[in-house]
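The values are calculated or read from the model by the stated rules, or taken from the named source; none is laboratory data. These numbers come from a predicted model, not from an experiment. Backbone-built Cβ (ideal geometry, glycine too); neighbour counts: all protein chains shown.
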Amino acid sequence: MDNDFGIKISPRNINAFTAPDYTLIHNSAWVIPKILFKGEYVDAGDGSVIVEHDLGYVPMFLCWVRKRGITPTYENGVAALETLPSGTPVANAFTLVAPAGSSNLDGVYMVFDVDIESPLQAPILIEPHPVDEPAIDRDFGIKISLPGKDVNSEDTRDLALDSNMRSPQIASVNPGSKGNDSTPIVIDHELGYPPVIFVYVKLDGETNYKFLAGGGTDYSVSSTNESISVVIPYACAYSVIILKDPFRLS
Amino acid sequence: MGDYGFKDTIKNSDVYDTAVRNLATTSEYPVLKSQLGEDPPMVDFVQSEPFNVESATAGTFNLLTIPYSYSYLPANLCIASYSASTPASLNDTAGSYFMLPKVIFVDTEDQLDAYVDEATSSLKIDFIKRNGFFQTAYENFVLNVKYYIFDEDV
(Lines give C-alpha, C1' and ligand atoms only; values in the text may rest on other atoms or scores of the structure.)
Protein backbone atom coordinates (compact mmCIF):
# COMPACT_ATOMS: atom_id res chain seq x y z
CA MET A 1 0.00 0.00 0.00
CA ASP A 2 1.55 3.28 -1.06
CA ASN A 3 0.84 6.76 0.03
CA ASP A 4 0.42 7.97 -3.56
CA PHE A 5 -2.83 6.15 -4.16
CA GLY A 6 -6.29 6.39 -2.68
CA ILE A 7 -8.58 8.97 -1.15
CA LYS A 8 -7.72 11.72 1.28
CA ILE A 9 -10.29 14.05 2.78
CA SER A 10 -9.05 17.16 4.53
CA PRO A 11 -10.84 19.73 6.66
CA ARG A 12 -11.80 23.12 5.28
CA ASN A 13 -8.82 25.27 4.30
CA ILE A 14 -6.37 22.38 4.63
CA ASN A 15 -4.51 21.09 1.59
CA ALA A 16 -5.05 17.32 1.46
CA PHE A 17 -1.87 16.86 -0.59
CA THR A 18 0.40 18.31 2.06
CA ALA A 19 -1.55 17.89 5.31
CA PRO A 20 -0.03 15.61 7.94
CA ASP A 21 -2.13 12.60 8.75
CA TYR A 22 -3.50 13.86 12.05
CA THR A 23 -5.22 16.79 10.37
CA LEU A 24 -7.02 14.65 7.80
CA ILE A 25 -10.62 13.57 8.07
CA HIS A 26 -9.93 10.40 6.16
CA ASN A 27 -7.08 8.68 4.39
CA SER A 28 -7.68 5.41 2.54
CA ALA A 29 -4.16 4.33 3.47
CA TRP A 30 -5.35 4.02 7.03
CA VAL A 31 -6.02 0.38 7.92
CA ILE A 32 -9.10 0.63 10.07
CA PRO A 33 -10.41 -2.73 11.33
CA LYS A 34 -14.01 -3.26 10.35
CA ILE A 35 -16.46 -5.04 12.62
CA LEU A 36 -17.64 -8.00 10.56
CA PHE A 37 -20.02 -9.19 13.19
CA LYS A 38 -20.68 -8.91 16.88
CA GLY A 39 -22.70 -10.96 19.27
CA GLU A 40 -23.83 -11.24 22.80
CA TYR A 41 -23.57 -14.23 25.04
CA VAL A 42 -25.74 -14.19 28.11
CA ASP A 43 -25.39 -16.58 31.01
CA ALA A 44 -23.94 -19.36 28.90
CA GLY A 45 -24.43 -22.03 31.49
CA ASP A 46 -21.97 -24.59 30.21
CA GLY A 47 -19.13 -22.12 30.41
CA SER A 48 -18.39 -21.92 26.72
CA VAL A 49 -19.86 -20.55 23.53
CA ILE A 50 -18.80 -21.55 20.02
CA VAL A 51 -19.19 -18.83 17.42
CA GLU A 52 -19.03 -20.11 13.86
CA HIS A 53 -17.87 -17.99 10.95
CA ASP A 54 -16.91 -18.56 7.31
CA LEU A 55 -13.99 -16.20 7.01
CA GLY A 56 -11.38 -18.84 6.22
CA TYR A 57 -8.80 -17.15 8.40
CA VAL A 58 -8.27 -16.52 12.10
CA PRO A 59 -9.81 -13.14 12.74
CA MET A 60 -8.89 -10.53 15.28
CA PHE A 61 -11.53 -10.56 17.97
CA LEU A 62 -12.20 -8.61 21.14
CA CYS A 63 -14.49 -9.35 24.06
CA TRP A 64 -16.07 -7.25 26.72
CA VAL A 65 -17.07 -9.40 29.63
CA ARG A 66 -19.78 -8.77 32.15
CA LYS A 67 -18.53 -10.07 35.42
CA ARG A 68 -21.69 -10.86 37.22
CA GLY A 69 -21.36 -13.67 39.67
CA ILE A 70 -17.60 -13.83 39.93
CA THR A 71 -15.06 -11.93 41.91
CA PRO A 72 -14.77 -9.05 41.41
CA THR A 73 -18.42 -8.50 40.63
CA TYR A 74 -19.44 -5.54 38.53
CA GLU A 75 -23.19 -5.26 38.53
CA ASN A 76 -24.12 -4.23 35.04
CA GLY A 77 -20.54 -3.36 34.27
CA VAL A 78 -18.52 -4.46 31.30
CA ALA A 79 -14.80 -5.05 31.48
CA ALA A 80 -12.70 -5.02 28.34
CA LEU A 81 -10.23 -7.54 27.10
CA GLU A 82 -10.39 -10.29 29.64
CA THR A 83 -8.07 -13.16 28.89
CA LEU A 84 -10.96 -15.47 28.35
CA PRO A 85 -11.80 -16.17 24.75
CA SER A 86 -9.95 -18.27 22.28
CA GLY A 87 -10.21 -18.63 18.55
CA THR A 88 -10.01 -21.68 16.36
CA PRO A 89 -8.27 -21.42 12.98
CA VAL A 90 -9.44 -23.07 9.77
CA ALA A 91 -12.45 -24.64 11.45
CA ASN A 92 -14.07 -21.26 11.08
CA ALA A 93 -15.19 -20.84 14.61
CA PHE A 94 -13.88 -19.56 17.85
CA THR A 95 -14.75 -20.64 21.32
CA LEU A 96 -15.41 -18.33 24.21
CA VAL A 97 -14.51 -19.90 27.51
CA ALA A 98 -15.69 -18.85 30.94
CA PRO A 99 -13.12 -17.53 33.40
CA ALA A 100 -11.75 -19.61 36.21
CA GLY A 101 -14.16 -19.74 39.09
CA SER A 102 -17.22 -19.17 36.95
CA SER A 103 -19.47 -21.45 34.96
CA ASN A 104 -21.21 -18.56 33.27
CA LEU A 105 -20.26 -16.41 30.31
CA ASP A 106 -21.80 -13.02 29.91
CA GLY A 107 -20.66 -10.36 27.50
CA VAL A 108 -20.17 -9.17 23.95
CA TYR A 109 -17.66 -10.18 21.28
CA MET A 110 -16.64 -8.43 18.09
CA VAL A 111 -14.93 -10.04 15.13
CA PHE A 112 -12.84 -7.90 12.78
CA ASP A 113 -11.57 -8.26 9.22
CA VAL A 114 -7.95 -8.70 10.30
CA ASP A 115 -6.19 -12.03 9.69
CA ILE A 116 -3.99 -12.43 12.73
CA GLU A 117 -1.79 -15.02 10.97
CA SER A 118 -0.88 -12.82 8.00
CA PRO A 119 1.85 -10.20 8.46
CA LEU A 120 0.82 -6.65 7.72
CA GLN A 121 2.75 -3.40 7.96
CA ALA A 122 0.83 -0.21 7.40
CA PRO A 123 2.79 2.82 6.21
CA ILE A 124 3.98 5.25 8.86
CA LEU A 125 2.13 8.35 7.77
CA ILE A 126 1.85 10.37 10.90
CA GLU A 127 4.35 13.14 11.45
CA PRO A 128 4.94 15.34 13.22
CA HIS A 129 3.39 14.13 16.45
CA PRO A 130 0.85 16.64 17.69
CA VAL A 131 -0.12 17.16 21.29
CA ASP A 132 -3.66 18.33 20.72
CA GLU A 133 -6.61 16.95 18.87
CA PRO A 134 -7.27 18.48 15.47
CA ALA A 135 -9.75 21.36 15.53
CA ILE A 136 -13.32 20.24 15.09
CA ASP A 137 -15.60 22.05 12.69
CA ARG A 138 -18.97 20.41 13.12
CA ASP A 139 -20.46 22.36 10.22
CA PHE A 140 -18.11 20.71 7.77
CA GLY A 141 -17.18 17.16 7.01
CA ILE A 142 -18.41 13.88 5.68
CA LYS A 143 -20.73 11.17 6.93
CA ILE A 144 -21.42 7.79 5.38
CA SER A 145 -24.20 5.71 6.85
CA LEU A 146 -24.47 1.95 7.17
CA PRO A 147 -26.95 0.14 4.91
CA GLY A 148 -30.51 1.04 5.78
CA LYS A 149 -29.50 3.81 8.15
CA ASP A 150 -30.16 7.53 7.91
CA VAL A 151 -27.03 9.59 7.43
CA ASN A 152 -28.67 12.29 9.55
CA SER A 153 -29.13 9.87 12.46
CA GLU A 154 -28.21 11.23 15.86
CA ASP A 155 -26.90 7.76 16.75
CA THR A 156 -23.34 7.52 15.52
CA ARG A 157 -23.60 3.73 15.54
CA ASP A 158 -25.58 4.16 12.31
CA LEU A 159 -22.54 5.60 10.55
CA ALA A 160 -19.65 3.85 8.84
CA LEU A 161 -17.66 7.07 8.57
CA ASP A 162 -18.07 10.33 10.42
CA SER A 163 -15.47 13.07 10.14
CA ASN A 164 -16.24 14.15 13.71
CA MET A 165 -14.95 10.82 14.93
CA ARG A 166 -11.72 8.87 14.75
CA SER A 167 -10.98 5.16 14.73
CA PRO A 168 -7.95 3.21 15.86
CA GLN A 169 -5.94 1.88 12.96
CA ILE A 170 -3.76 -1.15 12.46
CA ALA A 171 -0.06 -0.30 12.44
CA SER A 172 1.12 -3.88 12.00
CA VAL A 173 0.22 -7.52 12.42
CA ASN A 174 3.15 -9.62 13.60
CA PRO A 175 2.62 -13.38 13.62
CA GLY A 176 5.37 -15.74 14.72
CA SER A 177 6.31 -18.67 16.89
CA LYS A 178 8.63 -19.27 19.83
CA GLY A 179 10.10 -22.05 21.90
CA ASN A 180 9.56 -23.19 25.45
CA ASP A 181 11.57 -20.45 27.16
CA SER A 182 11.21 -16.96 28.60
CA THR A 183 12.97 -15.17 25.79
CA PRO A 184 10.84 -12.08 25.17
CA ILE A 185 9.17 -11.42 21.86
CA VAL A 186 10.36 -7.92 20.97
CA ILE A 187 8.83 -6.00 18.10
CA ASP A 188 10.16 -2.57 17.22
CA HIS A 189 7.86 0.11 15.92
CA GLU A 190 8.33 3.68 14.71
CA LEU A 191 5.26 5.23 16.22
CA GLY A 192 7.00 7.31 18.88
CA TYR A 193 4.41 6.58 21.56
CA PRO A 194 3.28 3.46 23.47
CA PRO A 195 0.65 1.93 21.21
CA VAL A 196 -2.35 -0.18 22.07
CA ILE A 197 -1.52 -3.84 21.44
CA PHE A 198 -3.50 -7.03 21.15
CA VAL A 199 -1.68 -10.32 21.73
CA TYR A 200 -3.04 -13.69 20.65
CA VAL A 201 -1.30 -16.93 21.62
CA LYS A 202 -1.80 -20.51 20.51
CA LEU A 203 0.11 -22.88 22.76
CA ASP A 204 1.79 -25.89 21.18
CA GLY A 205 -0.63 -28.78 21.09
CA GLU A 206 -3.67 -26.56 21.17
CA THR A 207 -5.87 -25.33 18.36
CA ASN A 208 -7.21 -22.13 19.86
CA TYR A 209 -5.71 -18.70 20.09
CA LYS A 210 -6.13 -17.05 23.45
CA PHE A 211 -6.27 -13.33 23.89
CA LEU A 212 -3.72 -11.98 26.38
CA ALA A 213 -4.47 -8.79 28.26
CA GLY A 214 -1.85 -6.64 29.95
CA GLY A 215 -0.33 -9.26 32.14
CA GLY A 216 -1.12 -12.23 34.33
CA THR A 217 0.64 -14.49 36.74
CA ASP A 218 2.63 -16.26 34.03
CA TYR A 219 3.03 -13.76 31.19
CA SER A 220 3.60 -10.07 30.56
CA VAL A 221 2.81 -7.68 27.73
CA SER A 222 4.29 -4.18 27.62
CA SER A 223 4.41 -1.27 25.22
CA THR A 224 6.92 1.59 25.02
CA ASN A 225 7.70 4.44 22.65
CA GLU A 226 9.99 2.19 20.64
CA SER A 227 8.95 -1.42 21.00
CA ILE A 228 6.58 -4.08 22.23
CA SER A 229 7.71 -6.83 24.58
CA VAL A 230 5.79 -10.00 25.29
CA VAL A 231 7.05 -12.70 27.66
CA ILE A 232 5.31 -16.05 27.39
CA PRO A 233 7.31 -18.91 28.90
CA TYR A 234 5.77 -21.53 26.65
CA ALA A 235 6.23 -22.85 23.13
CA CYS A 236 3.53 -21.24 21.05
CA ALA A 237 2.41 -19.52 17.91
CA TYR A 238 1.53 -15.90 18.46
CA SER A 239 0.30 -12.78 16.79
CA VAL A 240 0.96 -9.28 18.08
CA ILE A 241 -1.28 -6.59 16.62
CA ILE A 242 -0.07 -3.03 17.08
CA LEU A 243 -2.59 -0.22 16.72
CA LYS A 244 -1.89 3.23 15.38
CA ASP A 245 -3.42 6.03 17.36
CA PRO A 246 -5.46 8.61 15.50
CA PHE A 247 -5.69 10.92 18.48
CA ARG A 248 -3.14 12.56 20.68
CA LEU A 249 0.12 10.90 19.94
CA SER A 250 2.51 12.13 22.56
CA MET B 1 -24.90 -4.24 1.03
CA GLY B 2 -26.88 -4.15 -2.18
CA ASP B 3 -26.19 -1.80 -5.06
CA TYR B 4 -25.53 1.35 -3.13
CA GLY B 5 -23.04 2.57 -0.60
CA PHE B 6 -19.41 3.60 -0.47
CA LYS B 7 -16.28 1.53 -0.98
CA ASP B 8 -12.67 2.29 -1.72
CA THR B 9 -9.92 -0.28 -1.92
CA ILE B 10 -6.32 -0.56 -1.04
CA LYS B 11 -3.92 -0.46 -4.00
CA ASN B 12 -4.26 -3.12 -6.71
CA SER B 13 -7.66 -4.36 -5.58
CA ASP B 14 -10.80 -4.15 -7.67
CA VAL B 15 -13.45 -2.22 -5.81
CA TYR B 16 -16.20 -4.25 -7.50
CA ASP B 17 -14.80 -7.66 -6.67
CA THR B 18 -12.71 -7.84 -3.58
CA ALA B 19 -12.65 -9.20 -0.07
CA VAL B 20 -13.63 -6.94 2.76
CA ARG B 21 -10.04 -7.04 3.98
CA ASN B 22 -8.94 -5.33 0.75
CA LEU B 23 -11.27 -2.43 1.27
CA ALA B 24 -9.86 0.71 2.83
CA THR B 25 -13.33 1.98 3.61
CA THR B 26 -16.78 0.52 3.21
CA SER B 27 -20.20 1.63 4.27
CA GLU B 28 -21.16 -2.01 4.74
CA TYR B 29 -19.46 -2.52 8.09
CA PRO B 30 -19.13 -0.36 11.19
CA VAL B 31 -15.83 0.43 12.89
CA LEU B 32 -14.89 1.34 16.42
CA LYS B 33 -14.90 5.12 16.52
CA SER B 34 -14.66 7.83 19.17
CA GLN B 35 -16.30 11.22 19.10
CA LEU B 36 -13.96 14.19 18.94
CA GLY B 37 -14.50 17.35 20.92
CA GLU B 38 -16.46 15.83 23.82
CA ASP B 39 -16.13 17.03 27.40
CA PRO B 40 -14.76 15.00 29.07
CA PRO B 41 -12.89 13.65 26.05
CA MET B 42 -13.69 10.19 24.75
CA VAL B 43 -9.96 9.65 24.31
CA ASP B 44 -7.50 11.14 26.73
CA PHE B 45 -4.51 10.75 29.01
CA VAL B 46 -5.37 10.92 32.71
CA GLN B 47 -3.47 10.34 35.93
CA SER B 48 -4.82 9.06 39.23
CA GLU B 49 -4.25 10.66 42.59
CA PRO B 50 -1.58 8.86 44.67
CA PHE B 51 -3.16 5.78 46.21
CA ASN B 52 -2.13 4.28 49.55
CA VAL B 53 -3.32 1.08 51.15
CA GLU B 54 -2.02 -1.07 53.99
CA SER B 55 -0.89 -4.60 53.39
CA ALA B 56 -3.66 -6.29 55.39
CA THR B 57 -6.42 -4.36 53.66
CA ALA B 58 -8.38 -6.05 50.93
CA GLY B 59 -11.03 -4.56 48.69
CA THR B 60 -11.85 -2.77 45.48
CA PHE B 61 -10.71 0.84 45.24
CA ASN B 62 -11.69 3.19 42.47
CA LEU B 63 -8.75 5.10 41.03
CA LEU B 64 -10.37 6.88 38.11
CA THR B 65 -13.89 7.57 36.87
CA ILE B 66 -14.55 9.06 33.44
CA PRO B 67 -18.20 9.88 32.66
CA TYR B 68 -19.71 9.46 29.21
CA SER B 69 -23.03 10.53 27.73
CA TYR B 70 -24.08 7.33 25.98
CA SER B 71 -27.34 5.75 27.10
CA TYR B 72 -25.79 2.30 26.68
CA LEU B 73 -22.57 0.57 27.72
CA PRO B 74 -19.89 1.62 25.22
CA ALA B 75 -16.91 -0.42 24.07
CA ASN B 76 -13.69 0.76 25.65
CA LEU B 77 -9.96 0.17 25.85
CA CYS B 78 -7.37 1.29 28.37
CA ILE B 79 -3.59 1.27 28.25
CA ALA B 80 -1.77 2.22 31.44
CA SER B 81 1.52 2.58 33.25
CA TYR B 82 2.19 2.99 36.97
CA SER B 83 4.70 3.88 39.61
CA ALA B 84 4.87 3.54 43.40
CA SER B 85 7.23 4.24 46.25
CA THR B 86 6.12 0.90 47.77
CA PRO B 87 6.53 -1.76 46.47
CA ALA B 88 9.49 -0.27 44.65
CA SER B 89 9.63 -3.24 42.32
CA LEU B 90 6.68 -1.79 40.43
CA ASN B 91 9.05 0.84 39.08
CA ASP B 92 11.02 -1.86 37.27
CA THR B 93 8.54 -1.39 34.44
CA ALA B 94 8.47 2.40 34.51
CA GLY B 95 7.87 3.74 31.04
CA SER B 96 6.12 0.59 29.88
CA TYR B 97 2.41 0.57 29.19
CA PHE B 98 0.05 -2.36 29.60
CA MET B 99 -3.43 -3.09 28.43
CA LEU B 100 -5.97 -3.38 31.21
CA PRO B 101 -6.93 -5.57 32.98
CA LYS B 102 -3.59 -6.51 34.44
CA VAL B 103 -2.25 -8.39 37.43
CA ILE B 104 0.23 -5.84 38.73
CA PHE B 105 1.95 -7.80 41.44
CA VAL B 106 2.19 -11.48 40.71
CA ASP B 107 2.75 -12.75 44.25
CA THR B 108 -0.40 -11.10 45.57
CA GLU B 109 -2.44 -11.23 42.34
CA ASP B 110 -3.56 -7.67 42.98
CA GLN B 111 -5.14 -6.39 39.81
CA LEU B 112 -6.15 -3.32 37.84
CA ASP B 113 -9.49 -3.50 36.04
CA ALA B 114 -11.23 -1.17 33.62
CA TYR B 115 -14.93 -1.39 32.94
CA VAL B 116 -17.94 0.69 32.02
CA ASP B 117 -20.53 1.01 34.73
CA GLU B 118 -24.19 1.36 33.82
CA ALA B 119 -25.24 2.81 37.18
CA THR B 120 -22.96 5.84 36.87
CA SER B 121 -22.54 6.02 33.06
CA SER B 122 -18.81 6.08 33.46
CA LEU B 123 -15.63 4.25 32.64
CA LYS B 124 -14.10 3.13 35.89
CA ILE B 125 -10.61 1.92 36.67
CA ASP B 126 -10.32 0.02 39.91
CA PHE B 127 -7.50 -1.32 42.01
CA ILE B 128 -8.45 -4.76 43.31
CA LYS B 129 -6.45 -5.69 46.34
CA ARG B 130 -6.72 -9.25 47.43
CA ASN B 131 -6.02 -10.62 50.86
CA GLY B 132 -4.50 -13.99 50.14
CA PHE B 133 -1.40 -15.74 51.36
CA PHE B 134 0.83 -12.95 50.07
CA GLN B 135 0.08 -9.34 50.92
CA THR B 136 1.83 -6.06 50.31
CA ALA B 137 1.26 -2.41 51.10
CA TYR B 138 1.11 0.21 48.35
CA GLU B 139 2.33 3.74 48.87
CA ASN B 140 2.02 6.54 46.37
CA PHE B 141 0.71 4.25 43.69
CA VAL B 142 0.03 6.45 40.65
CA LEU B 143 -1.64 5.24 37.49
CA ASN B 144 -1.26 6.89 34.10
CA VAL B 145 -3.98 5.87 31.69
CA LYS B 146 -4.85 6.49 28.12
CA TYR B 147 -8.45 5.50 27.63
CA TYR B 148 -10.69 5.12 24.61
CA ILE B 149 -14.48 5.16 24.74
CA PHE B 150 -16.08 4.06 21.48
CA ASP B 151 -19.62 4.46 20.21
CA GLU B 152 -20.29 0.74 19.78
CA ASP B 153 -22.40 -0.80 22.52
CA VAL B 154 -21.31 -3.80 24.48
Restricting the range B:119-137 to residues that are outside any loop (DSSP other than H, G, I, E, B) and of a type outside the set (D, E, K, R), the one nearest to B:Phe51 (Cα to Cα) turns out to be B:Phe127
If we keep only residues of the range B:73-90 that are assigned to a loop (DSSP other than H, G, I, E, B) and at pLDDT below 90, then the residue farthest from A:Ile242 (Cα to Cα) is B:Pro87
Residue within the range A:172-193 that is more than 8 Å from chain B (Cβ to nearest Cβ), without any contact (Cβ under 8 Å) to a residue 24 or more places away in the chain and among the basic types (Lys, Arg) present:
no
Scanning the range B:93-110 for residues that are among the hydrophobic types (A, V, I, L, M, F, W, C) and more than 7 Å from every other protein chain (Cβ to nearest Cβ), the one surrounded by the fewest Cβ atoms within 10 Å (Cβ to Cβ) turns out to be B:Ala94
(1) among the charged types (D, E, K, R); (2) at pLDDT below 60; (3) within 18 Å of the chain's Cα centre (by Cα) all hold for A:Lys67 apart from (3)
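Rundown of residues vs (1) of a type in the set (S, T, N, Q); (2) more than 8 Å from chain A (Cβ to nearest Cβ); (3) under 18 Å from A:Lys34 (Cβ atoms), yes/no style:
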site	(1), (2), (3)
B:Lys7	no, yes, yes
B:Asn12	yes, yes, no
B:Val15	no, yes, yes
B:Val20	no, no, yes
B:Leu23	no, no, yes
B:Gln35	yes, no, no
B:Asp39	no, yes, no
B:Val43	no, no, no
B:Val46	no, yes, no
Checked A:Tyr209, A:Tyr238, A:Tyr219 against criteria (at pLDDT 85 or above and either under 30 Å from A:Tyr22 (Cα atoms) or hydroxyl-bearing (Ser, Thr, Tyr) (or both)); the one match is A:Tyr238
Report task. Could you please let me know if B:Phe133 is within 10 Å of chain A (Cβ to nearest Cβ) and either of a type outside the set (Phe, Trp, Tyr) or on the phi < 0 side of the Ramachandran plot (or both)? Result -> no
Considering the range A:160-171, residues that are of a type in the set (A, V, I, L, M) and closer than 15 Å to B:Leu36 by Cα, and then whichever is nearest to the other protein chains (Cβ to nearest Cβ), we arrive at A:Met165
Exception for A:Arg157 within (1) within 30 Å of B:Ser27 (Cβ to Cβ); (2) within 8 Å of chain B (Cβ to nearest Cβ); (3) in a strand (DSSP E or B) falls at (3)
Subset of the range B:106-130, residues on the phi > 0 side of the Ramachandran plot and modelled with pLDDT under 85, comes to B:Glu109
Note on the range A:148-162: residues over 21 Å from B:Leu73 (Cβ atoms) and buried (at least 20 other Cβ atoms within 10 Å of the Cβ) are A:Ala160, A:Leu161
Scanning the range B:12-28 for residues that are charged (D, E, K, R) and touching a strand residue (DSSP E or B) at 6+ places or on another chain (Cβ under 9 Å), the one surrounded by the fewest Cβ atoms within 10 Å (Cβ to Cβ) turns out to be B:Glu28
Do we have A:Ser222 as outside any loop (DSSP other than H, G, I, E, B), surrounded by fewer than 22 Cβ atoms within 10 Å (Cβ to Cβ), under 18 Å from the mean Cα position of the chain (by Cα) and among the hydroxyl-bearing types (Ser, Thr, Tyr) here? no
